[in-house]
Amino acid sequence: MRFHFTEEQQRLRDDVRAFILQERTPELVNELEWNEHQWGPAARAFVKKLGASGWVAPTWPKKWGGLEASNMDRLIIAEELSYFGVGPSFRGAGMAGPVIMHYGTEEQKEEWLPPIARGEIEFALGYTEPQAGSDVAALDIRAVDDGDYFIINGMKTFNSACHFADYHWLGARTDPDAPKHRGVSLIIVDMKSPGITVRPLWTMAGTRTNEVYYDNVRVPKKNLVGQRGRGFSQMAQALDLERMYPIGGLQRSFEELVEYVRKANIDGKRLADDQIVRRQLAEMAADLEVCRLLSFRLATILDQGRVPNYESSTLKLFLTETSSRLSHVSMKILGPYGPLLRGSHRAVLDGIVAYHHRLSVIETIYGGSSEIQRNIIALRGLGLPRA
Ligand SMILES: Cc1cc2nc3c(=O)[nH]c(=O)nc-3n(C[C@H](O)[C@H](O)[C@H](O)COP(=O)(O)OP(=O)(O)OC[C@H]3O[C@@H](n4cnc5c(N)ncnc54)[C@H](O)[C@@H]3O)c2cc1C
C-alpha cells in the first residue's frame, strides 16, 4: 500500500477537478446530490462527457472503452466526483459491467460494455422483493422458459434508478425446484420491454426509489448472464463492488461544518472555543481518516487482482455509520438551525445537514444493512461459524 499519490495521479486529480469545476451546474448538483445520483438530462450529458475521457470505467480494457488504469486512479476520479456532489453512482460501470466482463458471453460484452463505458446507458439493480431483502436468495420473481425467451412475472421493491435506467439487472428465479441459492439467475432486461410498470416509492430523505411490476415480460434468453442458477453468487460479487462507496461527499460536509464552527458566534462566544464541539470534530476527523484508509485498502486489493469481500463490508459499515455520526454531530452543533430544510429562510449550509441527516439512515440500509455487514465480517472475515 502506498500512502501518497504519484505525480501522474496528482495530475489526474487536477484534471478531473478542473473538468468538474467547468461542468458543475446547479441542475447537475440538483440531480446528482439532492436527488441521490439521479440521471436526469444534466447528468446524462455530464456522464457522456466523463465517458469521452474514459473516466466512467477507467480500469476496463481499452477494447471495452476503458483506460486500463489502476483502481487507485478509479478511486481518485470517484472521490473528486463525490467531493463536488456530482458522483453518478455508476451501477453499470461499477456493478453490472464487471460481472458481465467476468461471466458474460462475447456477444454480451460487445452489446453492453462499450455503451456503459461511453456513459450512454445505465443499469438499475433488481434484487430486493418484499420477502427478500437481507435474505436476497429468497427472491421469487419467476422467469419461465418459452423457447428462446423467458417470460417474467412478479415484482421488485426498493429498486432505485428504475425510473431512468435503460436496463434492469434482474435477479429472477429460473428453477423453483432447486435449493434457493441455486435456483436464481441474473438476467438483463430492457426497461422499455412491454409489461413493465414502475411506481415511485419516496424515501424519508425525499429521494426516489421504486416498485417494479413484471407482467408477462418477454426477455431473450441471450440476456442471461453467466450460468443459469448461479445468479446468487454473481449478485454477491456485484454487491461487494457496490459497497465501495466514496467518501468525498462526507469529507466536504465535514469541511463545511468545520468552517461554520470556525466562524460562528453563539451568544457572543466563539463556537470554536467550545471544548465539546472541538472534541466531536476531532473524533470525526479521525473517523474520516479511517474511511479513507479503508478505501485505499480496497483499491489496493483490486489492483492486486483480488476481489474484495468482507473488506467491502468493513468500508460500507464504517463509512455509513461515520456518515450517521457526522450528521448527528452536525445537528447538535447547528442546534435549532440543523433541521431547517433547503430553501428555509434561516437554513444554514443550504439545508444540507437536514438532508444528510435523513439520508444517512437510508445509507445504513441499502446495499445491505449494517447488521448484514457485521454478519459478513464475522463469518467471512473472522471465520466464525454461521449462526
Ligand atoms: C433507499 C433505498 C434504496 C434501495 N435501493 C435498492 C436497489 O436499487 N436495488 C435493490 O435490489 N434493493 C435496494 N434496496 C433494498 C435494500 O437492499 C434492502 O432494504 C436491505 O437489504 C434490507 O432489506 P429489507 O428492507 O427487506 O429489510 P429486512 O431484511 O426485512 O431487515 C429488517 C431488519 O432486520 C435486520 N436483519 C435482517 N436479517 C438479519 C440477520 N440475518 N441478522 C441480523 N439482522 C438482520 C436488518 O438489518 C433490518 O434492520 C434499497 C433500499 C432502500 C431503503
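The values are calculated or read from the model by the stated rules, or taken from the named source; none is laboratory data. The structure displayed is predicted, hence computed values, not measured ones. Cβ sites come from the backbone with ideal geometry, for glycine too, and all protein chains shown count toward neighbours.
Considering the stretch 1-47, and only residues there that are within 22 Å of the chain's Cα centre (by Cα), hydrophobic (A, V, I, L, M, F, W, C) and outside any helix (DSSP H, G or I), the residue that is farthest from residue 162 (Cα to Cα) turns out to be 34. Being surrounded by fewer than 15 Cβ atoms within 10 Å (Cβ to Cβ) and away from the ligand (no atom under 12 Å from the Cβ) is the filter; apply it to the stretch 201-217 and report the residue that is farthest from residue 33 (Cα to Cα). The qualifying residue farthest from residue 33 (Cα to Cα) is 216. Considering the stretch 34-50, and only residues there that are surrounded by 21 or more Cβ atoms within 10 Å (Cβ to Cβ) and modelled with pLDDT of 95 or more, the residue that is farthest from residue 13 (Cα to Cα) turns out to be 43.
Can residue 198 be described as more than 21 Å from residue 366 (Cα to Cα) and not in a loop (DSSP other than H, G, I, E, B)? When the stated conditions are applied, residue 198 does not pass them.
Is it the case that the stretch 125-139 has a residue that's small (Gly, Ala, Ser), more than 9 Å from the ligand (Cβ to nearest atom) and not in a helix (DSSP H, G or I)? No.
May I ask you to list pairs of residues, at least six apart or on different chains, whose Cβ atoms are under 7 Å apart, with the first in the stretch 173-194 being in the same structural domain as residue 217 (by TED's automatic domain parsing) and at pLDDT 95 or above and the second being hydrophobic (A, V, I, L, M, F, W, C) and assigned to a loop (DSSP other than H, G, I, E, B)? Taking only residues 6 or more apart or on different chains, the pairs are 173/139; 173/141; 184/139; 191/162; 191/165. For the stretch 351-362, the set of residues classified as touching a Lys or Arg at 6+ places or on another chain (Cβ under 9 Å) and either at negative phi or within 9 Å of the ligand (Cβ to nearest atom) (or both) consists of 352, 354, 355, 360, listed by residue number. Residues that are assigned to a loop (DSSP other than H, G, I, E, B) and within 16 Å of the ligand (Cβ to nearest atom) within the stretch 75-103 comprise 87, 88, 89, 90, listed in sequence order.
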